[in-house]
Amino acid sequence: MINYHPTDKQLRQFAEGNISSALALVAAAHCDVCSKCQAKVDDVNLELASDIENIKAHTFSDPAFDKMLASITQLPVLDAPVQKSPRIELDGRFFDVPRPLQRFVKKTGNWSKLLGKVWQAPVDLGEAGMAHFIYMEKGGRVPEHTHRGTEFTLVVNGEFSDGLADYDSGDLIVMDDEHIHSPHSNADDGCLVFSIVDKPLHFTSGIARLLNPFSHLFFK
Ligand SMILES: [Zn+2]
């Protein structure tokens, strides 16, 4: 069950096209699997559309202005229809991903084993930077860390905990320098997440602290 949603403010900004591309991507992926949040975004879109109609009703007709309005009010097309949904593959296992992430499947690099039972594959988002698919096998754990920037994590498939809470498929988690956590999965099928960090992680405890000078090589 999904417990962690974008805030109402983030959903409004998403509908208005007024958030970072990283948050827009994970919010779109979340809304693809969360009808509750999708409904909120639809409401904001309707509201924005009626605002525009009101502006039009009180403005002298001007073809150039109408054309500009038409280009603003056109709903963004997230994805072209796909014949067969691309899926993420790891070790012969296939994972479905939310539609907004499907176009990045073929831009996903090779899996590498990180630490313990944690795997990572880089995803080239183009202008929006780099993201990663991270897979925690059962018993896998990412060392405790905090964040120099913001970390957006969407649970694609499975369950994990991080010492702060338990998460399930569809959850969207936003972490920054106020959070210290150590993601780990005890689920039999492990957990696949999609993660974007805008700055390298900062490991906070134990031997993982030795990784800090190199943390830009991991998770970034
Ligand atoms: Zn939601």
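The values are calculated or read from the model by the stated rules, or taken from the named source; none is laboratory data. Being a predicted model, the structure only gives us computed values, none of them experimental. Neighbour counts run over all protein chains shown; Cβ positions are idealised from the backbone, glycine included.
The table below gives the values:
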{"read-out": "Verdict on PHE94 being buried (at least 16 other Cβ atoms within 10 Å of the Cβ) and of a type in the set (A, V, I, L, M, F, W, C)", "value": "no"}
{"read-out": "When residues of the range 140-152 are limited to those that are over 18 Å from LEU25 (Cβ atoms) and not in a strand (DSSP E or B), the one nearest to the ligand (Cβ to nearest atom)", "value": "VAL142"}
{"read-out": "Flag if PHE160 is in contact with a Cys (Cβ under 8 Å, 6 or more places away or on another chain), of a type in the set (Phe, Trp, Tyr) and not assigned by TED's automatic domain parsing to the domain that holds ILE19", "value": "yes"}
{"read-out": "Filter result for THR146 (within 16 Å of ALA22 (Cα to Cα) and either of a type in the set (Ser, Thr, Tyr) or in the same structural domain as ALA27 (by TED's automatic domain parsing) (or both))", "value": "no"}
{"read-out": "Subset of the range 115-157 (residues that are hydrophobic (A, V, I, L, M, F, W, C) and either surrounded by fewer than 19 Cβ atoms within 10 Å (Cβ to Cβ) or over 24 Å from ARG93 (Cα atoms) (or both))", "value": "LEU115, ALA121, LEU125, ALA128, MET130, PHE152"}
{"read-out": "Among the residues listed as VAL123, VAL155, VAL97, the single one being in a strand (DSSP E or B), over 18 Å from PRO183 (Cα atoms) and of a type in the set (A, V, I, L, M)", "value": "VAL123"}
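Residue-by-condition table, conditions (1) touching a residue at least 40 places away in the same chain (Cβ under 8 Å); (2) buried (at least 16 other Cβ atoms within 10 Å of the Cβ); (3) within 16 Å of the ligand (Cβ to nearest atom):
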position: GLU159; (1), (2), (3): no, yes, no
position: GLY163; (1), (2), (3): no, no, no
position: ASP168; (1), (2), (3): yes, yes, yes
position: ILE173; (1), (2), (3): yes, yes, yes
position: ILE180; (1), (2), (3): no, yes, no
position: ASN186; (1), (2), (3): yes, no, no
position: SER195; (1), (2), (3): yes, yes, no
